[in-house]
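Student: The structure follows.
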Amino acid sequence: MTSAPSSARASAPASIGNVGVGFDVLGLAFDAVRDSVTAHRTRAPGVQLGTVSGLVQDLPAEVNRNCALAAGQAVLDAAGAGFGCRIDIHKGVPLSAGMGGSAASAVAAAGAVNALLETPFETGDLLLPAMQGERVSADPPPWDNVMASLLGGLVIAARLDPPLIRRLPLPDGIACILFHPERKIETRRARELLSDSISKDIAVEHARNIASFVAGCASNDRELIASGLRDVLIEPQRLPLLPELAAVQAAALEAGALGCSFSGSGPSVFAWVPDDQAKACGSAMAAAFAAAGCGARPYHAPLICDGLRLEPVA
């Protein structure tokens, strides 16, 4: 029997919450950038913050203020572990960008700490501990970013209690382009803009779109995907957060994108586009941001990718 390691490293990808049409139901892993966490076993109980590197060099050291620490502690608690750990965090995913930065940290930390256990949990069983990490960022924690970062690919939350989470099929020959504008939007603020009620017409149109999108992904039908990849429910309420969205969206669709919308709560904007039109679409979106006087960093990744992944310890 192999003993548990004294150190373990895991990484988790960025993610696109909602995927436009699927508010709080769909999430897409976006492997253009990843967070990585290295966990070191300690004799003292609990989790402690070690080094912080990458896009940020300083994060809160308190468990209840740090997504990675909270997720790591949740794994130790769930296992009844008789040890603690020190957690080193490398941030590759921007924060407050609509790219699942808090979820990536929580998932990577849960995976790294889990690897220190004598009997590690299955990957799917790390969902709830990772959600405890995400709770630091938003309470109640949304599922979309966490489940996508954990499992990879396109994921649906079919039921919350008890959880029923499944990966969905993805179409061939489609890439995902994402632009991160020089803005920051907190999830809490973005949720405060949302109305508690909608009209029957909007409810029906939203249902039609999400059904078309999921069916199009399952059947590799681009026409169905394009018909459904439109957010009539949430996006109109959040347009004030990024007035440039309409022009960027129009440019993306004109250049061949199947759909374009906020990534999560924004400010990042994503588009699904056929591989052979990805370069033209990216250029068109960049030009639209530039014309609006808004700097934006581009990212590009295939739709199909890994979620949580164990990495060699350096």
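Student: Among (1) more than 24 Å from Ser195 (Cβ to Cβ); (2) open to solvent by less than 10 Å² (accessible area, probe 1.4 Å), there is one condition Arg238 misses while meeting the rest; what is its number?
Tutor: (1)
Student: OK, next. Pairs only if they're at least six apart or on different chains, beta carbon under 8 angstrom, first in the range 24-46 and of a type in the set (Ser, Thr, Tyr), second at pLDDT below 95 and in a loop (DSSP other than H, G, I, E, B); list them, first residue then second.
Tutor: Pairs found: Thr38/Val313; Thr38/Ala314.
Student: Using the structure shown, decide if Pro267 is open to solvent by 60 Å² or more (accessible area, probe 1.4 Å) and outside any strand (DSSP E or B).
Tutor: Considered against the rule, which asks whether it is open to solvent by 60 Å² or more (accessible area, probe 1.4 Å) and outside any strand (DSSP E or B), Pro267 comes out as no.
Student: Let me ask something else about it. Among the residues of the range 115-126, write down those that are touching a Leu at 6+ places or on another chain (Cβ under 8 Å) and open to solvent by 10 Å² or more (accessible area, probe 1.4 Å).
Tutor: Ala115, Thr123, Gly124
Student: Can you tell me which of (1) open to solvent by 30 Å² or more (accessible area, probe 1.4 Å); (2) closer than 30 Å to Pro5 by Cα; (3) of a type in the set (Gly, Ala, Ser) is the one Gly307 doesn't meet?
Tutor: If we test Gly307 against (1) open to solvent by 30 Å² or more (accessible area, probe 1.4 Å); (2) closer than 30 Å to Pro5 by Cα; (3) of a type in the set (Gly, Ala, Ser), just (1) comes out false.
Student: Same structure, new question: May I ask you to verify whether Glu118 is free of Cβ contacts under 8 Å to residues at least 40 places away in the same chain and acidic (Asp, Glu)?
Tutor: no
Student: Given the conditions (1) over 16 Å from Ala103 (Cα atoms); (2) in contact with a Lys or Arg (Cβ under 6 Å, 6 or more places away or on another chain); (3) among the aliphatic types (A, V, I, L, M), which single one is not true for Val56?
Tutor: The failed condition is (1).
Student: Here's something else I'd like to know. Residue under question is Ala97, and the condition is that it be within 23 Å of Gly50 (Cα to Cα) and buried (at least 20 other Cβ atoms within 10 Å of the Cβ); does it hold?
Tutor: When the stated conditions are applied, Ala97 does not pass them.
Student: So which of Ser261, Ser212, Ser197, Ser227 ends up being among the hydroxyl-bearing types (Ser, Thr, Tyr), surrounded by 14 or more Cβ atoms within 10 Å (Cβ to Cβ) and more than 22 Å from Met285 (Cα to Cα)?
Tutor: Of the residues listed, the single one that is among the hydroxyl-bearing types (Ser, Thr, Tyr), surrounded by 14 or more Cβ atoms within 10 Å (Cβ to Cβ) and more than 22 Å from Met285 (Cα to Cα) is Ser212.
Student: Can you tell me which condition Ala255 does not meet? The list is (1) touching a Cys at 6+ places or on another chain (Cβ under 8 Å); (2) open to solvent by less than 10 Å² (accessible area, probe 1.4 Å), and all the others hold.
Tutor: Result: Ala255 passes all but (2).
Student: While we're looking at this one, here's another question. Which residue is farthest from Ala12 (Cα to Cα), if the candidates are limited to the range 67-77 and must be in contact (Cβ under 8 Å) with a residue 60 or more places away in the chain and open to solvent by 10 Å² or more (accessible area, probe 1.4 Å)?
Tutor: The residue in question is Ala70.
Student: Only one of these is surrounded by fewer than 24 Cβ atoms within 10 Å (Cβ to Cβ) and touching an Asp or Glu at 6+ places or on another chain (Cβ under 8 Å): Gly80, Gly92. Name it.
Tutor: Unique residue meeting the criteria: Gly92.
Student: Does the range 282-292 include one or more residues that are open to solvent by 40 Å² or more (accessible area, probe 1.4 Å), in a loop (DSSP other than H, G, I, E, B) and either closer than 18 Å to Gly98 by Cβ or touching a residue at least 40 places away in the same chain (Cβ under 8 Å) (or both)?
Tutor: Checking the range 282-292: at least one residue is open to solvent by 40 Å² or more (accessible area, probe 1.4 Å), in a loop (DSSP other than H, G, I, E, B) and either closer than 18 Å to Gly98 by Cβ or touching a residue at least 40 places away in the same chain (Cβ under 8 Å) (or both).
Student: With respect to Leu303, determine if the residue is hydrophobic (A, V, I, L, M, F, W, C) and touching a helix residue (DSSP H, G or I) at 6+ places or on another chain (Cβ under 6 Å).
Tutor: No; evaluated as a whole, the condition is false for this residue.
Student: Taking the range 37-56 on its own, how many of its residues are open to solvent by 10 Å² or more (accessible area, probe 1.4 Å) and touching a Ser or Thr at 6+ places or on another chain (Cβ under 9 Å)?
Tutor: Looking only at that region, the number is 7.
Student: Would a scan of the range 52-64 turn up a residue that is in contact with a Gly (Cβ under 7 Å, 6 or more places away or on another chain) and hydroxyl-bearing (Ser, Thr, Tyr)?
Tutor: For the range 52-64, residues in contact with a Gly (Cβ under 7 Å, 6 or more places away or on another chain) and hydroxyl-bearing (Ser, Thr, Tyr): absent.
Student: Among the residues of the range 12-30, write down those that are touching a strand residue (DSSP E or B) at 6+ places or on another chain (Cβ under 8 Å) and surrounded by fewer than 24 Cβ atoms within 10 Å (Cβ to Cβ).
Tutor: Result: Asp24, Val25.
Student: Another one. If you take the residues of the range 132-173 that are more than 24 Å from Leu303 (Cβ to Cβ) and among the aliphatic types (A, V, I, L, M), which of them is surrounded by the most Cβ atoms within 10 Å (Cβ to Cβ)?
Tutor: Val136
The values are calculated or read from the model by the stated rules, or taken from the named source; none is laboratory data. All figures in this text were calculated on a predicted structure; none of them were measured in a lab. Neighbour counts are summed over all protein chains in view; Cβ atoms, including those assigned to glycine, are modelled from backbone coordinates with ideal geometry. When the accessible area is computed, the model is the full protein with side chains, heavy atoms only, and any ligands, DNA or RNA have been set aside. Shrake-Rupley method; radii C 1.70, N 1.55, O 1.52, S 1.80 Å.
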